[in-house]
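The values are calculated or read from the model by the stated rules, or taken from the named source; none is laboratory data. On a predicted model such as this, the values are computed, not experimentally measured, just so you know. For neighbour counting, all protein chains shown are included, and Cβ atoms are generated from backbone atoms with ideal geometry for every residue, glycine included.
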Amino acid sequence: MKRSALVTLCLAAIFAGAAAFAQETPAPGPEVAKLSSFAGNWTTEATIAPGPWGSGGKFTNTAHTEWMKGGFFLVGHGEFTMPAELGGSGTSMEVIGYNADTGSYTEDRFDSTGHHVALTGKLDGSTWTWTGNANYGGMPMQVRFTVAVLSPTSYTTKYEISTDGTNWATFWDGKATKQ
């Protein structure tokens, strides 16, 4: 009899704990919802400026970005082309979210040329500014990626680089369109 009561008590504790856990599962906050504009199928066309990286040219990217289960992060997969001297064609993957502990947006981008860039973002009105550090060809630099939302289906992009954090050079200017 004592054993049966103990088993019943243990099972009740397990179910109560599971129910409490299910009720405490976090939900994304309003900051996360602000990332919604990046979800969907996007095409980006940009012009790469001439500079120390080469003669410049055309950059294109097609990407599909969707919410990860739970709704906390966006996951995107893309295919890009740029001049051969800058890496040519490739694929990319990104994870975008909001870090409630630091109060900042985050983006981690990886591509098939071996690059990984971790960015921190902020939103001011309808303009996103993402900043971080990168290493291209053994040269460390700071990057700044600005997205100005024009409408639910378009935004402009500007990708800049700096070796000292003060003097910025535009790598590309472009526009993205939602399909």
Check on G174, within 16 Å of the chain's Cα centre (by Cα) and outside any loop (DSSP other than H, G, I, E, B):
no
So if I check each of T60, T65, T166, T157, which one is under 22 Å from G40 (Cα atoms) and surrounded by fewer than 17 Cβ atoms within 10 Å (Cβ to Cβ)?
T60
Scan the stretch 74-92 residue by residue and report those that are hydrophobic (A, V, I, L, M, F, W, C), surrounded by 17 or more Cβ atoms within 10 Å (Cβ to Cβ) and under 15 Å from the mean Cα position of the chain (by Cα).
L74
Only residues in the stretch 41-63 that are free of Cβ contacts under 8 Å to residues at least 24 places away in the same chain count as the first member; pair them with residues that are in a strand (DSSP E or B), Cβ under 6 angstrom, at least 6 apart or cross-chain, and list the lot.
T60/E45; T60/T81; T62/T43; T62/E79
Among what's in the stretch 113-132 and is more than 18 Å from T157 (Cα to Cα) and within 16 Å of the chain's Cα centre (by Cα), pick the residue that is modelled with the highest pLDDT.
H116
Looking at the stretch 106-155, which of its residues are touching a residue at least 12 places away in the same chain (Cβ under 8 Å) and not in a strand (DSSP E or B)?
S112, T113, H115, S126, P152, T153
Of the conditions (1) at pLDDT below 95; (2) buried (at least 16 other Cβ atoms within 10 Å of the Cβ); (3) of a type in the set (G, A, S), G54 clears all except one; give me its number.
(2)
